[in-house]
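Comments concern the structure below.
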Amino acid sequence: MAELKKTTKSNAETSKAKKPTKASKGEVAQAVSGAAVGALARAEAVSESTPASAEPAAKPEKEPARSKKVEATPAAPPPESLSLSADEIDKPKIVKAKGSKNIHTGIAHVLSTFNNTIVTITDMNGNVIGWSSAGKVGFKGSRKSTAYAAQMVAQDASRQAMGHGLKEVEVLVKGPGAGRESAVRALQAIGLDLTVIRDVTPVPHNGCRPPKQRRV
């Protein structure tokens, strides 16, 4: 009987040893959870690394589109030069006239009024070899009386006269308009030699009766 009790005790002890304790089950659960967390961390690291590597490849595709937009924009036109300095005035291209008269000296008549500017260039006898006005150059309305219009008029008239060989001029200025000085400067800047500048504006001295006063 004593031997049977010993054998039953020994079997019970072995069965107890085989059964896992509560502490060992907790450790197994912690190990499993730790492995799962590690796997999740690895997956997140891979997912974060893949977009970063894909972004540089996508950028070059967008850059050509930007360059196309820049090329499509039209260039702004250059601003119109309104200065009266002699250095900035472009000298026109002189073309020899078909029936060139070989006139080297002449007279430039500048008529400058409040509404227009007319430049006429003649030889020493008064025969016209070139003329121009603000309307002929292309100005309209109130722009015909500006100093810039007078500059363009003087350039156009001198270009015609220089086609006949003109080099020296006497300038006769008439009228109180704004284009008096600018026309004379343009004549000098183009390359003509000004020998005389004379003001020939007519001044009444108790002659004819003046017109009635203007009502504005």
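The values are calculated or read from the model by the stated rules, or taken from the named source; none is laboratory data. All figures in this text were calculated on a predicted structure; none of them were measured in a lab. Don't worry about glycine lacking a Cβ; one is built from the backbone with ideal geometry, like all the others, and counts go over all protein chains shown. Heads up: the accessible areas ignore ligands, DNA and RNA and are worked out on the full protein's heavy atoms, side chains in. Shrake-Rupley method; radii C 1.70, N 1.55, O 1.52, S 1.80 Å.
Rolling a 1.4 Å probe over the heavy atoms of the protein chains gives the stretch 121-168 an accessible area of 44 Å² per residue. Enter the accessible area of Asp156 (Å², nearest 10), with the probe set to 1.4 Å and all protein chains included. Approximately 30 Å² for this residue. The residues Arg159, Arg214, sorted by heavy-atom accessible surface at 1.4 Å with ligands and nucleic acids left out, run Arg214, Arg159 from largest to smallest.
Counted over the stretch 111-167 with a bin width of 5 Å, the fraction of Cα pairs per bin, in whole percents, is 4, 23, 30, 19, 14, 8, 2. With semi-axes defined as the square roots of five times the eigenvalues of the C-alpha gyration tensor, the equivalent ellipsoid of the stretch 143-216 measures 30, 16, 9 Å, largest first.
Each Lys and Arg Cβ is given +1 and each Asp and Glu Cβ -1; about its Cα centre, the stretch 115-216 then shows a dipole of about 780 debye.
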